[in-house]
1. Counting only protein heavy atoms and using a 1.4 Å probe, what share of the accessible area of the protein assembly as shown belongs to carbon plus sulfur, as a whole percent?
2. In whole Hz, what ³J(HN,Hα) sequence does segment B:170-175 give by Karplus (6.51, -1.76, 1.60; θ = phi - 60°), x for Gly and Pro?
3. Count the net charge of all other residues whose Cβ sits under 15 Å from the Cβ of residue B:40, scoring Lys and Arg as +1 and Asp and Glu as -1.
4. Can you compute the charge dipole magnitude of chain A about its Cα centre, using +1 on each Lys and Arg Cβ and -1 on each Asp and Glu Cβ, nothing else charged? Give it in debye, rounded to the nearest 20.
5. Amide H of residue B:157: which non-local residues (sequence gap of 5 or more, or other chain) have their own amide H closer than 5 Å, using H built in the peptide plane?
6. Once phi is turned into θ = phi - 60°, what whole-Hz ³J(HN,Hα) does the Karplus curve with 6.51, -1.76 and 1.60 give for every residue of segment B:87-95, x standing for Gly and Pro?
7. Could you provide, to the nearest whole Å², the per residue accessible area of chain B with probe 1.4 Å?
8. How far is helix A:124-138 tilted, in degrees, relative to the longest principal axis of the Cα atoms in chain A, given as a value from 0 to 90 rounded to the nearest 10?
Amino acid sequence: MNSMRVVDAAAPATSPLVALMTPATAPLLTRGAFADGQPDPITAVLAQVPELFDVALPFIGATLGPSFVPLRAKEIVILRTSALLECEYCVGAHTVVATDAGLGHDEVRALRAELDWVAVFTDNAERALIGWIDAIALGRGRVDESIATAMTDHWDDPAVVEITVLIGTTMMLNRLCTGLGLPPGADTLERLSTDGFSA
Amino acid sequence: MSAIAEAIDAGTLPGRVWMYADYHCNLACTYCLTESAPGVSKRLLDPDEMIRIAREAAELGYRDIGITGGEPFLLRHLPETLAAVSEYLPTLVLTNGTLFNETRLAELAPLARLPVALQISLDSPDPDVNDEMRGPDNFATVIDAIPRLRDLGITVRIATTGEPDRLDEDDHARLCALHRELGVPDEDHIVRPIVRRGRAADVGLGQDFAPEQIPAELCISVDGAFWSPFGPTVRGGELDTDLLISRTTAPLSRPANLLLRLIQGRLPGDAAAIGIR
Ligand code: SF4
């Protein structure tokens, strides 16, 4: 499968649909996130609604950040989901994070749907995980029983719950970034180029 | 007793809730924080919303209401809305004092029996100095309106806004003589500095303040809830958001509790350390 749109890094970046808050305009409840200058675009747009920011940022942090689910598995989830939803921002950012988390170049490319993941991922738990991600992120209605069974055979209940919430949260962020046209950062684009990935 | 009421009783949270009734004005003062003028976006707060805020403020334990703008008396519904709002809490309305013709005065007469006071701006004892900032004939119009309001039995306060160097001791003494002559006692005359926001910032007037230096009065506008009536100001036609607390204003307890949390020092943003990419 290779449904992901490849972006021309040289194309002029479009402006986001809504204003990114800045250190000068950041509302009181969001001020800490702007203390060291301009934060990432997701933080900067969420600051438009401070009362939402106030609960969303800790939630996103708890969901995407370090937890009992291994970092490698979490990055598989985030990158794969973002690739399925064709989110340029999240695919770019998490290509870098996944690489830093120890995933190999071919593994990252497979998650980005640029290689056949079945050929690249041989561990059964990770195969079950990717099957689960694809079913949750792309599917409708009940998940196929064989996919669900494979998942619960390899992952315990708390992990299944957290991974599923992580897929959903990543999808929410994917749609936020894509819908609002958040541009990948210059440092991300530079790193992708250095590591031999398309933007 | 709500946490809000306890904080107000303890003096850690100011007891007044402000509302921006509108943003348009028949004047266009040089230092206006909201860039108000006749043609600007009105950003109206619905009268039912104003009454709802007053009711919930009373339930939460707030002590009084302040209504500002823009010029609130440009709103035809205001006398009626003030009567309803003041059923819940004593109400102070900030006005430029220039719209009180016979018709308007007749509409205001019933307010004399209610806990409603008007605070009228008067910036100098000298008509030309006052009018330079507030527009032609402002001094004469205000001086005419104050006794007529007082004759109705309405409590009038006077607010003087200005740069310290524009109001020396002599000016101050003459201004006080004037307000006493108009029947406004000393305790109902306030002098306040210009805050460097809105049009004042454009022309380099006033002083900069950190939020911590401004009383943490909850202020509701059509755009959300803010820290102080100095929060929802306008610069270059854009709403200032640096003192925004929340976009959500109903129920009032939601922004009120966020404000309480802010003043209790649980400052936000720690969550930002999570480093979302
Ligand atoms: S300062 Fe008051 S009276 Fe003057 S323009 Fe602004 S809202 Fe109107």
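The values are calculated or read from the model by the stated rules, or taken from the named source; none is laboratory data. Values in this document were obtained by computation on a predicted structure and should not be read as measured data. Cβ sites come from the backbone with ideal geometry, for glycine too, and all protein chains shown count toward neighbours. Side chains included, ligands, DNA and RNA excluded: accessible areas come from the protein's heavy atoms. Shrake-Rupley method; radii C 1.70, N 1.55, O 1.52, S 1.80 Å.
1. Percent of accessible area from carbon and sulfur atoms in the protein assembly as shown: 54.
2. Karplus-based 3J(HN,Hα) across segment B:170-175 equals 5, 4, 4, 5, 5, 5 Hz.
3. In short, -3.
4. Details: 12 positive and 25 negative charges, 91 e Å.
Roughly 440 debye for chain A.
5. When sequence neighbours closer than 5 places are left aside, the close amide H contacts are B:118, B:119, B:120.
6. Here the 3J(HN,Hα) series is 5, 8, 8, x, 10, 10, 10, 8, 9 Hz.
7. Details: 11580 Å² over 277 residues.
For chain B, the per-residue accessible area is 42 Å².
8. 60 degrees
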